[in-house]
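One structure is given below, encoded as structure tokens.
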Amino acid sequence: MTRVVVVGATGHIGTYLVPRLVRAGHEVIALSRGVRDPYRRGPEWRSVNRIVVDRQAEDAAGTFGERVAGLRPDAVVDLLCFTAASARRLVDALRPARPLLLHCGSIWVHGPALRVPVTEDEPRTPYGEYGIGKAEIEALLHRETLAGGVPSVVLHPGHISGPGWPVINPAGNLDPEVWTCLALGKPLALPDHGLGVLHHVHADDVAQAFERALTRPAAIGSSFHVVSEQAMTLRGLAAGVAGWFGREPMLDLVDWAEFEDRVGSEHATTSREHALRSITASIARARETLGYCPRHTSLDALREALRWLVAHGQVDVGGQAF
């Protein structure tokens, strides 16, 4: 049995990962910021040691890394690290025992691509605080591994989707009205001819990749994209969602200025962040080294998410089944 500490255990990925680890026979210690339940409950959680941790406060106090190291893990899955400084403190504390460290990165370590699909070997061109932070962590962990310190694996998910939380919709933002327009046959504005690209992934497929990485020594020192089989354009996603309701999408293809006028600056900014990157990520390396095999297409993941949103009153589809 391997003792695995999961940081951020009740979040999107941890909700699916922790039960997988329990079923595989691992001892799991689940660290999370609060006592809320995971997005999906299951009997596996009864055998999990759950510990409430305020990582931000403990990082500031310089105690978080020592707390994790004190749990004597064989492996640490870090799903909640966003700065190189935070990663460094954890690595420094783990170095004496050298457990395997699995880090959750992001496909946003890539900026606009020169070649598609983007592979893990492409030079990092992130922009924005989030992407730059993830790229800095990735570089730090790979240097640490090469130097003979804490061995690490970095997994880069796409737009994580599933039941229990709002997900990036076919307009590249979180506006619930997008789903309503597609379900009811109302006009939907899309920017830039609707050709921006999104690469979704179901949270359980991300969990699958983390579980596999725990037992693949060949993965140590490498990074892996974790996404669905195919990326999709905004207009492709819109057509897929409208098709669930027996419709063709009514698309208004507009420029960015009109798009912002129609949806508001907050949603337009989110759409622009996604569409301007338009990342199509290769999973060839994850297939070969991890045996990664996503069970959900992008549309599968979105359909499951939308069913939850409708059931919980967060999206109106006019009472239609889909």
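The values are calculated or read from the model by the stated rules, or taken from the named source; none is laboratory data. Given the structure is predicted, the values throughout are model-derived calculations rather than measurements. In this analysis, Cβ positions are derived from the backbone assuming ideal geometry, glycine residues included, and neighbour counts consider all displayed protein chains. Surface areas here come from the heavy atoms of the whole protein model, side chains and all, with no ligands, DNA or RNA. Shrake-Rupley method; radii C 1.70, N 1.55, O 1.52, S 1.80 Å.
For this structure, a couple of remarks:
- Cβ-Cβ FRET estimate between Thr63 and Thr180, R0 fixed at 45 Å, reported to 0.05: 0.45
- Springs between Cα atoms under 10 Å define the GNM used for the chain, and in it the highest mean-square fluctuation of Val116, Val22, Val53 occurs at Val116.
- In degrees, nearest ten, helix 234-244 long axis to first principal axis of the chain (Cα): 80
- Between Glu229 and Glu258, the distance separating the two model label sites (each 7 Å from Cα on the Cα→Cβ line) works out to 3.6 nm.
- Were the residues from Glu248 through Arg295 laid out at 0.36 nm apart, the gain over their Cα-Cα distance would be 14.3 nm.
- For the chain, the 222 nm mean residue ellipticity estimated from helices alone, with every DSSP H stretch of n ≥ 4 adding -39500 (n - 2.57) and the total spread over all residues, rounds to -11000 deg cm²/dmol.
- Residue of Gly70, Gly11, Gly111 that the Gaussian network model of the chain assigns the largest fluctuation, springs spanning Cα pairs under 10 Å: Gly70
- Note on Glu266 and Arg124: with the Förster distance fixed at 35 Å, the Cβ-Cβ geometry gives a FRET efficiency of about 0.80.
- 19 Å cut-off, amide nitrogen to a point 7 angstrom out along Thr215 Cα→Cβ, residues in the range 49-66: none
- Rounded percent of accessible protein surface that carbon and sulfur make up, the range 1-141, 1.4 Å probe: 53
- Evaluating 6.51 cos²θ - 1.76 cosθ + 1.60 at θ = phi - 60° for every residue in the range 39-55, the Karplus couplings come out as 5, 10, 7, x, x, 4, 5, 5, 9, 9, 7, 9, 10, 7, 9, 9, 4 Hz, glycine and proline recorded as x.
- The order of the peptides 196-202, 76-82, 240-246 by mean Cβ neighbours within 10 Å, most packed first, is 196-202, 76-82, 240-246.
- In this label model, Val116 and Gln56 are separated by 3.5 nm, measuring between points 7 Å along each Cα→Cβ vector.
- Folded to 0 to 90 degrees: helix 265-277 orientation relative to the chain principal axis, Cα: 70
- Taking the accessible area of the range 165-285, probe 1.4 Å, and keeping the other protein chains in place, the carbon and sulfur fraction comes to 50%.
- For the chain, the relative contact order works out to 19 percent when only alpha carbon pairs closer than 8 Å and six or more residues apart are counted.
- Counting DSSP beta bridges with both ends in the chain, the antiparallel % (nearest 5): 5
- Given a 1.4 Å probe and the protein chains as shown, Tyr130 ends up with an accessible area of around 100 Å².
- Principal-axis tilt of helix 129-146 within the chain, Cα atoms, nearest 10 degrees: 30
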